[in-house]
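In what follows, a single structure is set out as structure tokens and then discussed.
The values are calculated or read from the model by the stated rules, or taken from the named source; none is laboratory data. Because the structure is a prediction, the values reported are computed rather than measured. Note that we place each Cβ from the backbone using ideal geometry, even for glycine, and neighbour counts take in every protein chain shown.
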Amino acid sequence: MQNSKLLITGGSGFIGSNFIRMLLTEKEGYEVYNLDKLTYAGNPENLQDLEADPRYHFIRGDISDETCVKDLFQQETFDGVINFAAESHVDRSIMSAAPFVITNVLGTQILLDAARATGVKRFLQVSTDEVYGSLGKDGYFTETSPLKPNSPYSASKTAADLLVRAAWKTHEYPTLITRCSNNYGPYQFPEKLIPLMIANALEDKPLPVYGDGKNIRDWLHVKDHCEALLCVYEKGKPGEIYNIGGNNEWQNIDIVREILLILGKPESLITYVKDRPGHDRRYAIDATKIKNELGWTPSYTFEKGLEETVHWYVNFRNWWERVRSGEYLNYYEKQYSSR
Ligand code: NAD
Ligand code: TDX
């Protein structure tokens, strides 16, 4: 697909900024409009080196602000929308759920309406494996697994997925949904497991492991996720859902130990803390559909990806030290002081 004018929402966050960087530095024929509210998780520094690129445009705005979204769609004619914008952190949704409903649910509907009204030909909703809930020891999530979200975050993402599905079923509006497993890599906000543990270890602070540390996540490097998203955007069949994952299950405690090993820090930094309420035990994605139908495969091994990521946080210490100041300090205090 060439000469596409894309609206990327949430492009100043972790995955969105990696996606925009990939489009503008590795792919050809894309012009990007990044609509981002710049919440605590949105950081213009993530794309600072691309600001002068004439193919990149930044608009500060809120996807749940109907006037702002309508105005933008009146001013520009987009070929496609990829919706990354979300409140994305499970622990924050446990503290306060309403912002998740406003951005993740209402915001998605407002975008869908504006895109459909102006004839945008493709709408990709970036969703998550958390909509399927939790697995026991065995089995995998497929695209037809029941939706059983357990946190306010995952419930809001599920609601959004259902609205996207309804736009396809009711209006035949060409939508696509992707559901990816846990991402890691550069520019991830240090409230999430991997960057939090790296940053704390570098500062010789305790590493707070929830519960028994044996919860399992299925990890994928953000660059592999971005390639999969572009593959679905370009080749996916309207109305379809595609799971994305790298078949890479790890217990949290083993990842934390691996990070300490790479950094040469002692295991005595590990501190078991009170479990997350409603903590999903295991996620594991069956990505057969995207592999067989669209030909996507991941390229990173976890060992290589984790080592590169740890080194990125070592080299970009200024980046995470800045984002760990300000609002984040209040959050950290609330989240960890009572555990
Ligand atoms: P993030 O929190 O790092 O970034 C979210 C971005 O959205 C930020 O730039 C923020 O400013 C922006 N934003 C928030 N509310 C907004 C609003 N109302 N209007 C406009 N912009 C707004 O999140 P992320 O980890 O990059 O996740 C991106 C998307 O991918 C989310 O939809 C998330 O549910 C999904 N996802 C994430 C993962 C993961 O492991 N991180 C895995 C699967 C799916
Ligand atoms: O301090 C911590 N200690 C800890 O043990 C944190 C922050 C997390 N954990 C555990 C909880 C989870 O089992 O690590 C695991 C990963 O936690 P998060 O990084 O918060 O990710 P998760 O809850 O799995 O959700 C992530 O993956 C799916 C993203 O935040 C979501 O946006 C995405 O949809």
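Are any residues in segment 265-281 of a type outside the set (S, T, N, Q), in contact with a Leu (Cβ under 9 Å, 6 or more places away or on another chain) and more than 9 Å from ligand 2 (Cβ to nearest atom), and if so, which ones?
Scanning segment 265-281 gives LYS265, PRO266, GLU267, LEU269, ILE270.
Name the single residue that is farthest from the chain's Cα centre (by Cα) among those in segment 39-92 being among the hydroxyl-bearing types (Ser, Thr, Tyr) and either within 26 Å of CYS180 (Cβ to Cβ) or within 16 Å of ligand 2 (Cβ to nearest atom) (or both).
TYR56
Please work out which residue is farthest from ILE253 (Cα to Cα), limiting yourself to segment 186-208 and to residues that are aliphatic (A, V, I, L, M) and touching a helix residue (DSSP H, G or I) at 6+ places or on another chain (Cβ under 6 Å). Before the answer, list the steps.
Pass one, segment 186-208, residues aliphatic (A, V, I, L, M): 193-194, 196-199, 201-202, 207.
Applying the additional criterion that residues be touching a helix residue (DSSP H, G or I) at 6+ places or on another chain (Cβ under 6 Å) yields 197-199, 201, 207.
Numbers: MET197: 11, ILE198: 13, ALA199: 16, ALA201: 14, LEU207: 10 Å.
Here the residue is ALA199.
If we keep just the residues of segment 12-35 that are of a type outside the set (S, T, N, Q) and within 16 Å of ligand 2 (Cβ to nearest atom), which is farthest from SER88 (Cα to Cα)?
PHE19
Within segment 171-180, is even one residue surrounded by fewer than 16 Cβ atoms within 10 Å (Cβ to Cβ) and modelled with pLDDT of 95 or more?
Within segment 171-180, the subset surrounded by fewer than 16 Cβ atoms within 10 Å (Cβ to Cβ) is 171-172.
Okay, now just the ones that are also modelled with pLDDT of 95 or more, so 171-172.
The answer is yes, given that some residue of segment 171-180 is surrounded by fewer than 16 Cβ atoms within 10 Å (Cβ to Cβ) and modelled with pLDDT of 95 or more.
Answer with yes or no whether LEU196 is under 20 Å from TRP312 (Cβ atoms) and either among the aromatic types (Phe, Trp, Tyr) or surrounded by 18 or more Cβ atoms within 10 Å (Cβ to Cβ) (or both).
So LEU196 passes the test.
Scanning for something assigned to a helix (DSSP H, G or I), among the β-branched types (Val, Ile, Thr), in contact (Cβ under 8 Å) with a residue 60 or more places away in the chain and away from ligand 2 (no atom under 14 Å from the Cβ), does segment 254-264 turn up at least one residue?
Checked against the condition, which is being assigned to a helix (DSSP H, G or I), among the β-branched types (Val, Ile, Thr), in contact (Cβ under 8 Å) with a residue 60 or more places away in the chain and away from ligand 2 (no atom under 14 Å from the Cβ), segment 254-264 yields no hits at all.
Taking only segment 194-235 into account, find how many residues are more than 16 Å from ligand 1 (Cβ to nearest atom) and either part of a helix (DSSP H, G or I) or under 22 Å from PRO298 (Cβ atoms) (or both).
Total satisfying the criteria: 5.
In segment 145-181, which residues are polar (S, T, N, Q), farther than 11 Å from VAL105 by Cβ and assigned to a helix (DSSP H, G or I)?
SER154, THR170
So is THR103 in contact (Cβ under 8 Å) with a residue 40 or more places away in the chain and either under 26 Å from THR144 (Cβ atoms) or touching a His at 6+ places or on another chain (Cβ under 9 Å) (or both) or not?
Values: in contact (Cβ under 8 Å) with a residue 40 or more places away in the chain: yes; either under 26 Å from THR144 (Cβ atoms) or touching a His at 6+ places or on another chain (Cβ under 9 Å) (or both): no.
Judged against the criteria, THR103 is not a match.
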